[in-house]
Ligand code: BG6
Ligand code: MG
């Protein structure tokens, strides 16, 4: 029986995945490195530095760690500028109504996101109170596909992985959920992942799954 839901943030609750894309694109264009939405899909769920390595590819060896740190910071500054313009109006009706219903059902909720900007995003969009716990890029040592972020989230809400469903838009996120022993619901890009237990088109489709 499902007693808890662990939500990825970027690309599941909010369209911040598009802001990640725009911010990386700006950096890649400045560096003269090819980058498109197909490459961007490989960055879903992956940490900031691991994302940079994917974008640099075999050009990675041309840069020092110091330069890479500066590139990651440059991308994050662009990203945070985009985040600073977010408001509660950026939360879709589907997401808000679903979170409201889940809150009333008594099911525990947590965020399981690789992002170090999680709390800022939740605060900008005023959805922090929908969650019992937040597990994010600040409390983990290994990024998805490692299950650490979800295992911590389950621990924070006092549930076993087998009692929780993870909602993810990233292939790396579905890998992480399955490696951790969770039920996995895929949305968006993750719907092509063969190991997803459920495929949903809208967040509200979750309501039928948890009622089962
Ligand atoms: C994940 C995104 O949620 O967070 C990744 O899907 C991103 O694309 C990662 O790289 C880290 O985010 P941040 O905000 O800490 O750079
Ligand atoms: Mg995501």
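The values are calculated or read from the model by the stated rules, or taken from the named source; none is laboratory data. Keep in mind that what you see is a predicted model, and the values were worked out from it rather than measured. Glycine gets a Cβ as well: all are built from the backbone with ideal geometry, and neighbour counts include every protein chain shown.
List the helices (runs of 4 or more DSSP H) inside the range 1-119, counting only whole elements, that have at least 3 residues being closer than 30 Å to residue 182 by Cα and in contact with a helix residue (DSSP H, G or I) (Cβ under 7 Å, 6 or more places away or on another chain). Write out each step before concluding.
Values: elements: 16-31, 37-41, 48-56, 65-83, 93-105.
The qualifying helices (runs of 4 or more DSSP H) are 16-31, 37-41, 48-56, 93-105.
So residue 25 clears everything in (1) buried (at least 17 other Cβ atoms within 10 Å of the Cβ); (2) at pLDDT below 95 except one condition, right? Which one?
Tallying (1) buried (at least 17 other Cβ atoms within 10 Å of the Cβ); (2) at pLDDT below 95, residue 25 fails exactly one: (2).
Residues 181, 173, 158: which one is touching a residue at least 12 places away in the same chain (Cβ under 8 Å), farther than 25 Å from residue 101 by Cβ and not in a strand (DSSP E or B)?
Going through 181, 173, 158 in turn, just one is touching a residue at least 12 places away in the same chain (Cβ under 8 Å), farther than 25 Å from residue 101 by Cβ and not in a strand (DSSP E or B): 181.
Looking only at residues in the range 96-147 that are closer than 18 Å to residue 159 by Cα and under 14 Å from the mean Cα position of the chain (by Cα), which one is surrounded by the fewest Cβ atoms within 10 Å (Cβ to Cβ)?
Checked the range 96-147; the qualifying residue surrounded by the fewest Cβ atoms within 10 Å (Cβ to Cβ) is 134.
Six or more apart or on different chains, Cβ under 6 Å: which pairs go from a residue in the range 1-24 that's more than 14 Å from residue 112 (Cα to Cα) and touching a residue at least 24 places away in the same chain (Cβ under 8 Å) to one that's part of a loop (DSSP other than H, G, I, E, B) and more than 9 Å from ligand 2 (Cβ to nearest atom)? Could you list them?
From residues that are more than 14 Å from residue 112 (Cα to Cα) and touching a residue at least 24 places away in the same chain (Cβ under 8 Å), the pairs are 3/159.
Go through the range 101-121 and report how many residues are within 20 Å of residue 206 (Cβ to Cβ) and more than 14 Å from ligand 2 (Cβ to nearest atom).
Result for the range 101-121: 10.
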